[in-house]
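Visitor: Attaching a single structure in structure tokens format; questions to follow.
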Amino acid sequence: MPPAPDALPTLVLIHGFPLDRDMWRPQVAALSGAARVVAVDLPGFGGSEPKPFTMDSAADHVAARLDAEGAPGRVVVGGLSMGGYVAMAFARRHPGRLAGLILADTRAAPDDDAGKKGRDEMIALARETGTAGVVEKMLPMLLAEATRAGRPEVVEEVRRIARRQPPEAVVAALEALRDRPDAAPGLGGVSVPTLVLVGEHDPLTPLTMAEAIGARVYGSEVVTIPGAGHLSNLENPDAFNAAVLAFLAEVKPGNTPAAGSGDRPA
Ligand code: MLT
């Protein structure tokens, strides 16, 4: 007999840039038997009102959304890339609400000077060409070469989701990305089970960055998603979902992390 919905953990999923909660469609479909899945839109995305935000204010927005959903207890928070930055902010700001953390294709380090300059150039591009220009520029970084060459339906799905986001939201997100803090110091305080996922061919946030997160979070596990680029959940949903399902089976409110790859910094 399937578990009663109340017995299931809540899994919050936070999207990457410049997408919205629709990017989690393969996860909502596959994981809903194992968790109550809540895919959220960050401010300005998915039809919400564009407004300036920071990773911290976005984390508070997610917490408020959980309250509104009637999910006041401890939850598993998962985010991909920008969503991962927000998930790390959630772990810093709402540690008592966290039962587990999933950080996919993301990094702890802030933008360096070259990265900040790149954000400013992307802001100018968004103002000039709209979101369509931004997504075309980003596609080679978002999807693995094999996905771009051989899976037009995935490429079109990414274009479809990105193009409907208003340029104002894209600009606000780029400012938040550019100005985000260093998340590394906060990771040492994470005391819930943590899964770090990374696409095998992710050029934006490669395995070294996933391992850097893993090394800071005590008991965390780093899993590579074969054949995928940056949008690993869309490019190889079967492997992504299998890793999340195995993780959810281990996460129970009150769990402490098992000894694993991450060393708690002194
Ligand atoms: C994302 O996928 O959310 C972005 O690539 C994040 C970033 O550019 O830092």
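Visitor: Solvent-accessible area of Ser32, probe 1.4 Å, all protein chains present, reported in Å² to the nearest ten, please.
Guide: Its heavy atoms expose roughly 50 Å² to the probe.
Visitor: If r is the Cβ-Cβ distance from Glu121 to Arg65 and R0 is 25 Å, what FRET efficiency results, to the nearest 0.05? Show your work: numbers first, answer last.
Guide: On the way: r = 32 Å, r/R0 = 1.27.
About 0.20, to the nearest 0.05.
Visitor: Shifting gears a bit: How much accessible surface does Leu80 have with a 1.4 Å probe, in Å² rounded to 10?
Guide: Here the accessible area works out near 0 Å².
Visitor: Pairing the Cα long axis of helix 237-250 with the longest principal axis of the chain, what angle in degrees results, from 0 to 90 and rounded to the nearest 10?
Guide: It is inclined by approximately 30 degrees.
Visitor: Here's another thing I want to ask about it. Pairing the Cα long axis of helix 152-163 with the longest principal axis of the chain, what angle in degrees results, from 0 to 90 and rounded to the nearest 10?
Guide: Orientation of helix 152-163: about 80 degrees from the principal axis.
Visitor: Quick check on the chain: helices-only [θ] at 222 nm, where DSSP H runs of length 4 and up contribute -39,500 (n - 2.57) each and the sum goes over total residues. Nearest 500, please. All intermediate terms of the calculation are to be shown ahead of the outcome.
Guide: Details: 11 runs with 126 residues, N = 266.
About -14500 deg cm²/dmol.
Visitor: Just to confirm the number: angle between the C-alpha axis of helix 113-142 and the first principal axis of the chain, 0 to 90 degrees, nearest 10?
Guide: With both axes taken from Cα atoms, the answer is about 80 degrees.
Visitor: So, one more: On a C-alpha basis, how far is the centre of region 78-115 from the centre of region 16-40 in Å? Whole number, if you could?
Guide: Their Cα centres are 17 Å away from one another.
Visitor: Right, next: What is the Cα convex hull volume of region 1-70 when expressed per residue in Å³?
Guide: Values: hull volume 6.2 nm³, N = 70.
Per-residue hull volume (Cα only) is 89 Å³.
Visitor: Pull up the cross-link candidates among the aspartates and glutamates for Lys116, meaning alpha carbon to alpha carbon under 15 Å and not fewer than 8 places away within one chain.
Guide: Glu175, Asp179, Asp182
Visitor: Additional query: Taking 2.2 N^0.38 Å as the expected size of a compact globular protein, what ratio does the Cα radius of gyration of the chain give against it, to two decimals?
Guide: Numbers: Rg = 17.2 Å, N = 266, 2.2 N^0.38 = 18.4 Å.
The reported ratio for this selection is 0.94.
Visitor: Could you put Asp105, Asp182 in order of accessible surface area, largest first, with the 1.4 Å probe and the full protein assembly present?
Guide: Values: Asp105 0, Asp182 75 Å².
Sorted descending by solvent-accessible area, the residues read Asp182, Asp105.
The values are calculated or read from the model by the stated rules, or taken from the named source; none is laboratory data. All figures in this text were calculated on a predicted structure; none of them were measured in a lab. Positions of Cβ are generated from backbone atoms using ideal geometry, with glycine treated the same way; all protein chains shown enter the neighbour counts. Surface areas here come from the heavy atoms of the whole protein model, side chains and all, with no ligands, DNA or RNA. Shrake-Rupley method; radii C 1.70, N 1.55, O 1.52, S 1.80 Å.
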